Amino acid sequence: MERPTSALALVLATKPDLPVHCIRPHAAKTAAKWFLDHFPGDVLYAVKANPHPMILDAVYAAGVRWFDVASLPEIEAVATRFSDAKLAFMHPVKSRLAIRRAYFDFGVRIFSLDSHDELQKIIAETNGATDLHLIVRLAVTGDYAQHKLSGKFGASGSSAVMLLREARALASELGVSFHVGSQCMRPEAYRVAMATVGDIIRQAGVTVDIVDVGGGFPAAYPGLTPPPLETYMTEIVQSFEGMPVLENADLWCEPGRALCAEAGSHILRVELRKGDALYLNDGGYGALFDAAHDGLVYPTKLLRAKGGPRRPLKAFRLYGPTCDSIDQMAGPFFLASDVSEGDYIEFGLTGAYGAALATRFNGFGDYVEATLEDAPMTSMFGLAPATKRESNVVAMAAKGK
Ligand SMILES: Cc1ncc(COP(=O)(O)O)c(C=O)c1O
């Protein structure tokens, strides 16, 4: 078969039995290039969002050389692929083995931490190394983000002040990092976070070499249309310039979602319809994890041959293929009212935290992979096709949220 030009062409030609994971490397490359062109500092790709080799290759091809990694397998995946990659081990809690292997086997020098004990672990496992870049993760509010990341990591208050002083004494370079939460809908979140961070640095009275504003940059899901990414950059630049305690500090960011969301979609098949419920061949234990557990609504497209009658749109809820009743996606997802068994639906923007979160629970979790060169369903980077019907589907879904 010739390489399909779109999800519809693929479905018509192959009638796939398995769910199809569509990868659009060009979309990841465009997003990465946008960040490299617009972020006034270093861009680290947060590998966890999508570690697929084609995505890694795409962001690398765009010019990204820095990677935010959270585990040994992620380190290995990037280091064996790109000999000139710079790795930042940004998980604030690491095993001793992971620290040792990262430092001695993979040359990692950048480590994140948010506690005294983790700092001691890093120093001990690197044999008292003096060439470490230690990045202290600070707690900031998660109130502006769709997916909060404030509940688990981040030092605050007087313990943050003490930790900065302690790390300063041991670091070749000292950094601070934070995460405003994923799918951050309000650019001012970065201003508020940077004010908090500036305050702690001031209290600690230390020189900081790196300010890492983390991830959080959004994609355009139905019902979650963010302001343009330029406004996020403006907030960050202005806040960085206003931080009084920094001299010649470097600015970093660690985007995950924004670089890869548009680069993925999934084609799923309806196995059964019961009223307004559709049972699909993938779901909450698969690529639609965030739809089941975070209430995220993906843009959808019913993949039928052109020319049939047009039906009004109707709200559906979705079920995945496993036996667990939490395997359901409330949506609502708007689709043609006559959708039925055997129909294929494409879910857009599953490139971030989609395939990366899929499990093999109940024996599911196998996908066909397809590379496509067409536009994603929605785009923060001007890539979307915006035909009337598609934008209608997105708008209807947004209304139902
Ligand atoms: C430390 C760190 N950096 C970056 C990211 C990427 O965040 P996002 O996908 O929201 O850009 C995450 C996500 O969990 C993270 O934990």
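Is it fair to say residue 56 is of a type in the set (A, V, I, L, M) and outside the structural domain of residue 233 (by TED's automatic domain parsing)? Full working, then the answer.
On the way: of a type in the set (A, V, I, L, M): yes; outside the structural domain of residue 233 (by TED's automatic domain parsing): no.
Against the criterion (of a type in the set (A, V, I, L, M) and outside the structural domain of residue 233 (by TED's automatic domain parsing)), residue 56 does not qualify.
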Legend entry - Looking only at region 89-105, and only at residues there that are closer than 17 Å to residue 44 by Cβ and of a type in the set (A, V, I, L, M, F, W, C), the one that is nearest to the ligand (Cβ to nearest atom): 90
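Yes or no, residue by residue, for (1) touching a Ser or Thr at 6+ places or on another chain (Cβ under 6 Å); (2) modelled with pLDDT of 95 or more:
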| site | (1), (2) |
| --- | --- |
| 212 | yes, yes |
| 227 | no, yes |
| 233 | no, yes |
| 247 | no, no |
| 250 | no, yes |
| 265 | yes, yes |
| 282 | no, yes |
| 294 | no, no |
| 300 | no, yes |
Legend entry - Only listed residue being out of contact with any strand residue (DSSP E or B) (no Cβ under 9 Å at 6 or more places or on another chain) and either exposed (fewer than 15 other Cβ atoms within 10 Å of the Cβ) or more than 30 Å from residue 193 (Cα to Cα) (or both), chosen from 247, 271: 247
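Among the residues in region 145-157, are any part of a helix (DSSP H, G or I) and more than 22 Å from residue 32 (Cα to Cα)?
For region 145-157, residues part of a helix (DSSP H, G or I) and more than 22 Å from residue 32 (Cα to Cα): present.
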Inset, instruction - Among the residues of region 99-153, count how many are of a type in the set (Gly, Ala, Ser) and either crowded, with 20+ Cβ neighbours inside 10 Å or at pLDDT below 95 (or both). - result: 7
Inset, instruction - Taking only region 264-291 into account, find how many residues are more than 28 Å from residue 33 (Cβ to Cβ), part of a strand (DSSP E or B) and polar (S, T, N, Q). - result: 0
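Tell me whether region 52-61 contains one or more residues that are surrounded by fewer than 17 Cβ atoms within 10 Å (Cβ to Cβ), of a type outside the set (S, T, N, Q) and farther than 27 Å from residue 5 by Cβ.
No: region 52-61 contains no residue that is surrounded by fewer than 17 Cβ atoms within 10 Å (Cβ to Cβ), of a type outside the set (S, T, N, Q) and farther than 27 Å from residue 5 by Cβ.
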Legend entry - Check on residue 342, touching an Asp or Glu at 6+ places or on another chain (Cβ under 6 Å), at pLDDT 95 or above and either over 17 Å from residue 224 (Cα atoms) or not in a strand (DSSP E or B) (or both): no
Inset, instruction - Return only the number of the condition from (1) within 16 Å of the ligand (Cβ to nearest atom); (2) touching a residue at least 40 places away in the same chain (Cβ under 8 Å) that residue 201 does not satisfy. - result: (1)
Inset, instruction - Would you please name the residue that is farthest from residue 145 (Cα to Cα), looking only at residues in region 288-331 that are of a type in the set (S, T, N, Q) and surrounded by 14 or more Cβ atoms within 10 Å (Cβ to Cβ)? - result: 322
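Looking only at region 44-88, count every residue that is of a type in the set (S, T, N, Q), out of contact with any helix residue (DSSP H, G or I) (no Cβ under 6 Å at 6 or more places or on another chain) and within 12 Å of the ligand (Cβ to nearest atom) and tell me the total.
Of the residues in that region, 1 qualify.
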Inset, instruction - Pick out the one residue from 247, 235, 254, 241 that is touching a residue at least 60 places away in the same chain (Cβ under 8 Å), among the acidic types (Asp, Glu) and in the same structural domain as residue 39 (by TED's automatic domain parsing). - result: 254
Inset, instruction - Report those strands (runs of 3 or more DSSP E) wholly inside region 37-98 carrying at least 1 residues which are hydrophobic (A, V, I, L, M, F, W, C), in contact with a Cys (Cβ under 9 Å, 6 or more places away or on another chain) and closer than 27 Å to residue 231 by Cβ. - result: 42-46
Legend entry - Only one of 213, 180, 176 that is farther than 30 Å from residue 347 by Cβ and either of a type outside the set (Ser, Thr, Tyr) or within 14 Å of the ligand (Cβ to nearest atom) (or both): 176
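Have a look at 13, 77, 85, 70 and point out the one that is free of Cβ contacts under 8 Å to residues at least 60 places away in the same chain and surrounded by fewer than 17 Cβ atoms within 10 Å (Cβ to Cβ).
13
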Legend entry - Some residue of region 221-233 being crowded, with 23+ Cβ neighbours inside 10 Å, farther than 30 Å from residue 41 by Cβ and not polar (S, T, N, Q): yes
Inset, instruction - Any residue in region 158-169 that's closer than 14 Å to residue 122 by Cβ: show its pairings with residues that are surrounded by fewer than 19 Cβ atoms within 10 Å (Cβ to Cβ) at Cβ separation under 6 Å, as long as the two are six or more apart or on different chains. - result: none
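I need the full set of residues from region 106-118 which are part of a helix (DSSP H, G or I) and either within 24 Å of residue 42 (Cα to Cα) or among the aromatic types (Phe, Trp, Tyr) (or both), in order please.
Across region 106-118, the qualifying residue is only 106.
The values are calculated or read from the model by the stated rules, or taken from the named source; none is laboratory data. Remember, it's a predicted structure, so these values are computed and weren't measured experimentally. Ideal geometry is used to build each Cβ from the backbone, glycine not excepted, and the neighbour counts take in all protein chains shown.
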